[in-house]
Amino acid sequence: MKSLLRVPNPPSYISRHDGIVDSKRDVVVRTQLQSINALIEARYDEYEYRLDNDTVHQMVEHPVILASANDLQSCYKSKTKGLKVLLSEIGKSQRQRVLERCPYCGITLPRTYDHYLPKDKYPELSVHVLNLIPCCNECNSSKGDRWSVAGGRLFLHFYRDDLPQSQYLFVEIATRPNTHAYGVKYSLSANRPNDCAQGVWDLIVSHYSKLGLLDKYRNQSNNEISNTFSTCVAHIKDGGRSISNFINMISDTEEQIFGSNHWRVVLRRALASTEEFERHVLESAAS
């Protein structure tokens, strides 16, 4: 799991919103949105300030803006050329291959965009690029309009939160004698990593809990173990030697892209040090 890179600014984020508004064909909607442009710009400034100062949870809904909610949300719901350009900028700003996996879970492709501050409550941020986080359908649905409780955030904000480099996601692999069956259990570190601020650590714990990530990783593990097993058997049959070195080598690339706490990286590293797994690979390669 890694943070995302922000779309470059300038051009200013509000100018992207203005461009989408100005391109609207519905004169009534366009005129209405242009009439509250100064208010929208102030809200953009507030959101960006609060994001930089970690006070987004203190941003309250604006009653005047809510009166124009449908028009503001139409900036996102109507797939205009300006919106398509804006969304493509999000992808182009990221490190290579990082969006092959949903930032929220790290499992599937991010085919949708989560409005971190829900557009029903903060319609003025419907097309703010720092409020649009690529994610998969399942995470988008699971998060829904939830984002804050009791004055604090519930989920990581991938344009805001600095995630630790040290490992905090772990997996235990249990082997069953005389079988190729494995039991897997993921867990978070019992203690906060030294390179992680307390506030971010609380968010990590909440994020994993609210999205049920540990159970999701366990459910995905059988397929990943089978794929790694087949790859290792082919490696040995082709004359390869060290299984653990091979697994760690292919894990290095994944770690560079998705971070040391990506569930597949953690699982593969654990397999590399599991003697039963190595024995099973060698037996299959020799048969």
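Summary table
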{"quantity": "Tyr113 long-range amide H proximity, modeled H, under 5 Å", "calculated": "Cys135"}
{"quantity": "Sorted peptide list for 1-8, 52-59, criterion being average Cβ within 10 angstrom, highest first", "calculated": "1-8, 52-59"}
{"quantity": "C-alpha long axis of helix 275-286 to longest principal axis of the chain, angle in °", "calculated": "70 degrees"}
{"quantity": "Debye log10 I(q)/I(0) at q = 0.08, 0.09, 0.10 Å⁻¹ for the chain, Cα point scatterers", "calculated": "-0.43, -0.52, -0.62"}
{"quantity": "Sum of -39500 (n - 2.57) over DSSP H runs of 4+, divided by residues of the chain (222 nm, nearest 500)", "calculated": "-15500 deg cm²/dmol"}
{"quantity": "Full-stretch length increase - Ser244, Gln58 - with 0.36 nm per residue and alpha-carbon distance subtracted", "calculated": "62.1 nm"}
{"quantity": "P(r) tail fraction, the range 169-286 - alpha-carbon pairs more than 20 Å apart, %", "calculated": "46 percent"}
{"quantity": "Length added when fully stretched, Ala197-Lys237, from 0.36 nm per residue minus Cα-Cα", "calculated": "9.8 nm"}
{"quantity": "Approximate spin-label separation Ser187-Ser88, in nm, with each point projected 7 Å along Cα-to-Cβ", "calculated": "4.8 nm"}
{"quantity": "Angle in degrees between helix 37-52 and the longest Cα principal axis of the chain, rounded to the nearest 10", "calculated": "30 degrees"}
{"quantity": "Cα-based helix-to-principal-axis angle, 13-22 vs the chain, degrees rounded to 10", "calculated": "60 degrees"}
{"quantity": "Over 18 Å between alpha carbons, listed pairs Lys119/Lys216; Lys24/Lys77; Lys79/Lys119; Lys185/Lys216", "calculated": "Lys119/Lys216"}
{"quantity": "Distance from the range 238-287 to the range 60-132 (C-alpha centre basis), Å", "calculated": "37 Å"}
{"quantity": "Net lengthening on full extension, Asn223/Arg279 (0.36 nm per residue, minus Cα-Cα)", "calculated": "18.3 nm"}
{"quantity": "Computed over the chain: relative contact order in percent, which uses C-alpha pairs under 8 Å that are six or more apart", "calculated": "19 percent"}
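Only the coordinates and a few stated rules stand behind these numbers; no lab work does. Not measured: the values here are computed from a predicted model. All Cβ positions, even for glycine, are placed from backbone atoms using ideal geometry, and neighbour counts span all protein chains on display.
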